[in-house]
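The values are calculated or read from the model by the stated rules, or taken from the named source; none is laboratory data. Just so you know, these numbers come straight off a predicted model, no measurement behind them. Every residue, glycine among them, receives a Cβ derived from its backbone with ideal geometry; neighbour counts consider all protein chains shown. We work out accessible area using only protein heavy atoms, side chains counted, and drop any ligands, DNA or RNA first. Shrake-Rupley method; radii C 1.70, N 1.55, O 1.52, S 1.80 Å.
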Amino acid sequence: MPGPTCTAVLLDIDGTLVDTNYLHVDAWLRACADVGHPVDAWRVHRAIGMDSAKLLDTLLGDDAERLGDEAKERHSAHYAADQERMRRFAGAQELLGTLAGRGFQVVLATSAPQEELDMIIRALDPGDSVFAITTAEDVETAKPAPDVVRVALDKAGVSADDAIMVGDAAWDAESSVRAGVRCIGVLSGGYGASELRDAGAVAVYDDVAALLAGLDDSPLYIR
């Protein structure tokens, strides 16, 4: 087996390690309806993983400033009510453990607010395999801006060319490219392979279990 091409692996959580994307879709659908601005589910899905301000602009348009705060509060309430439905993807714990066991610094790179992060970390239950975690408090602007990835690099103490990002959304790939980091895409968040590649992903796998199974032949070991 060749030596690794990086020392740090940055991983998105929602839709990548924990199956929450469609819970977010449902929560935003309910929230928008609550504030009198119903939206189509496909539009919500396309915005999942985006910076919250951009998401609200996308979903609420001209009403974002007037209704945005209330919609966010309603989303948080609906999402929290669904926390028992959150589950980690098959292979998520095993991937994190394998990466840590091989000496990679594992950083969970998310801009989720702390209360949401607490819920998804409970579902993920990563043990001691995680070196560091980013949160909404660490960044001013979330993906597709590169801020989250850059903060994750800082927490890992590595340069952009010494890390790889793993994510499920085009926003993950775009933010990685803007930070100068290679990105591996996974299909578990609902984005297609071609879309992830067009956004900058250097490789695409069905899910983290597939990445784990093919780890030795992945961009972590082969450029």
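The angle separating the long axis of helix 170-179 from the principal Cα axis of greatest extent in the chain is about 60 degrees. Among the trypsin sites (Lys or Arg not before Pro) within the stretch 54-143, those in coil by DSSP and having at most 15 neighbouring Cβ atoms inside 10 Å are 87, 102. Surface exposure of the stretch 146-223, expressed per residue as accessible area with a 1.4 Å probe, stands at 38 Å². For the stretch 76-93, backbone phi angles converted through the Karplus equation (6.51, -1.76, 1.60; θ = phi - 60°) give residue-by-residue couplings of 4, 5, 5, 5, 5, 5, 9, 4, 5, 8, 6, 9, 6, 5, 4, x, 5, 4 Hz, Gly and Pro being listed as x. At a probe radius of 1.4 angstrom, the accessible area of the stretch 39-112 per residue rounds to 51 square angstrom.
Taking label positions 7 Å along the Cα-Cβ direction at both residue 122 and residue 76, the computed distance is 1.6 nm, reported to one decimal. Scanning residues 5 or more positions from residue 166 or on other chains, those with amide H under 5 Å from its amide H are 10, 11, 12, 184, with H placed 1.01 Å from N in the peptide plane. In the chain, the longest principal axis of the Cα atoms and the axis of helix 147-156 are about 40 degrees apart.
Model label sites at residue 197 and residue 41, defined 7 Å from Cα along the beta-carbon direction, differ in position by 2.9 nm.
Less than 10 Å Cβ to Cβ from residue 169, Lys/Arg counted +1 and Asp/Glu -1: what total charge do the surrounding residues give?
Neighbourhood net charge equals -4.
Applying the Karplus relation 6.51 cos²θ - 1.76 cosθ + 1.60 with θ = phi - 60° to the stretch 3-13 yields 3J(HN,Hα) values of x, x, 8, 7, 10, 10, 10, 9, 10, 5, 10 Hz, where x marks Gly and Pro. For residue 19, the residues whose amide H sits under 5 Å from its own are 87, 88, 89, ignoring neighbours fewer than 5 places away on the same chain, with H placed 1.01 Å from N. Using the Cβ-Cβ distance between residue 140 and residue 94 with R0 = 25 Å, the FRET efficiency computed as 1/(1 + (r/R0)^6) comes to roughly 0.15. Measuring nothing but protein heavy atoms, the accessible surface of the stretch 1-141 at 1.4 Å probe radius is 45 percent carbon and sulfur.
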